[in-house]
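Read through the structure below, which is laid out as structure tokens, and then see the notes.
The values are calculated or read from the model by the stated rules, or taken from the named source; none is laboratory data. Just so we're clear, the structure is a prediction, and the values are computed from it rather than from any experiment. Cβ atoms come from the backbone with ideal geometry, glycine included; neighbour counts cover every protein chain shown.
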């Protein structure tokens with residue numbers, strides 16, 4: 001699940017960074033794609049449960065405080081930004097903060113994964 005969560009964070013970041021370029025190059029794409037806030041809410045509906053489950057299992061097993069802190073901060077930033085980001089931060093600010101939250105959350109999952117590899121956990125397989 002940690003791997004899936006890191007991939008989803010990457011997809012989110014790719015969306016935030018590549019979409020403005022794609023819309024500039026291919027204006028027709030603008031009509032067919034989801035708006036920013038809808039995309040972020042859909043991604044949160046996928047990311048939140050996967051991250052909570054993966055990090056909860058890992059934190060119970062390893063009791064690694066860094067994983068817990070990074071996961072909580074990353075999920076908090078992503079959730080608040082998905083709900084309020086566009087109104088509070090504007091489009092550019094929302095993209096920047098979402099990217100930062102995604103990087104922090106990815107770091108939590110990488111840390112969780114590394115703890116599993118170090119401990120050779122049964123739940124990793």
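Looking only at segment 24-55, how many residues end up being at pLDDT 75 or above and outside any helix (DSSP H, G or I)? Looking only at that region, the number is 0. Given the criterion within 18 Å of residue 4 (Cβ to Cβ) and without any contact (Cβ under 8 Å) to a residue 24 or more places away in the chain, identify the matching residue among 75, 114, 103, 88. That would be 114, the only listed residue that is within 18 Å of residue 4 (Cβ to Cβ) and without any contact (Cβ under 8 Å) to a residue 24 or more places away in the chain. With respect to residue 92, is the statement that it is farther than 25 Å from residue 38 by Cβ, part of a helix (DSSP H, G or I) and more than 11 Å from the chain's Cα centre (by Cα) true? Judged against the criteria, residue 92 is not a match. The residue that is surrounded by the fewest Cβ atoms within 10 Å (Cβ to Cβ), counting only those in segment 56-81 that are part of a helix (DSSP H, G or I) and modelled with pLDDT under 85, is 60.
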